[in-house]
1. Need the list of lysines near residue 3 for cross-linking: C-alpha distance under 28 angstrom, and skip anything on the same chain fewer than eight residues off.
2. Calculate one ³J(HN,Hα) per residue across the stretch 7-18 by plugging θ = phi - 60° into the Karplus curve 6.51 cos²θ - 1.76 cosθ + 1.60, and present them in order as whole Hz with x for glycine and proline.
3. Give the order of 24, 82 when sorted by the count of other beta carbons within 10 angstrom, beginning with the fewest.
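Just so you know, all these numbers are worked out from the coordinates, no wet-lab data involved. Remember, predicted model here, so these are calculated numbers, not experimental data. Heads up, the Cβs are rebuilt from the backbone with ideal geometry, glycines too, and the neighbour counts pull from every protein chain shown.
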Amino acid sequence: MDKIASKEVNELDSGETLEISSFWSKGTCLLIFLHRFGCRLCDSRPMLLNELLPALMQQHVRCVAIGQEKKEIEDFKVRNFWNGELFYTLDKSVYADLGIQSANNWNRFSTLFCRTSYTMEMNTLDGDFEADIYQLGGVFVVDEAGQCLYEFRQNGCTVSPDMQTIARVCNVPYNGSENCQHRENTSDPSFSTS
């Protein structure tokens, strides 16, 4: 995390600028890096992690989502996919410094036909498909010393982090079915939560 420790992000409501290292300076932090706040396909990660939020906050884990640019951040907030802190950055090098890659055209095209995309379509409003549609995201759990306890970098648009491992490294209970409540209403019989 050394490469991004001194990089700055802006808080959604106040616009306050903070160094990224301030998120873990007082304890463990869960960081979600989204490529855009308005992207329907990006909503699955904060939606899943949002279900862990009460337990994480009980353990005093700071929970932060960071997106590229401020566009669509209000819509993301209104849709209530994430109840943790929201920040944005205009510095795209943060993603490169974390080793978060961009998707290729085939990954973007195949996303239209995958189960996660179908499930998200059933549970979200239309999203923003403008701006940098190729940038992928990641999830990191960082301890007070700035060491990664868990790191996940997408290699495809709909790949999600390992919820059980995140819960374990943050010392919180995990029940997979609780973390998949938003999937229960899908009519896709081939969809599995395992």
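1. In chain and number order, the partners are 26, 70, 71, 92.
2. 6, 10, 10, 10, 6, 4, 6, 8, x, 4, 9, 10
3. Numbers: 24 25, 82 22.
In increasing order of surrounding Cβ atoms, one gets 82, 24.
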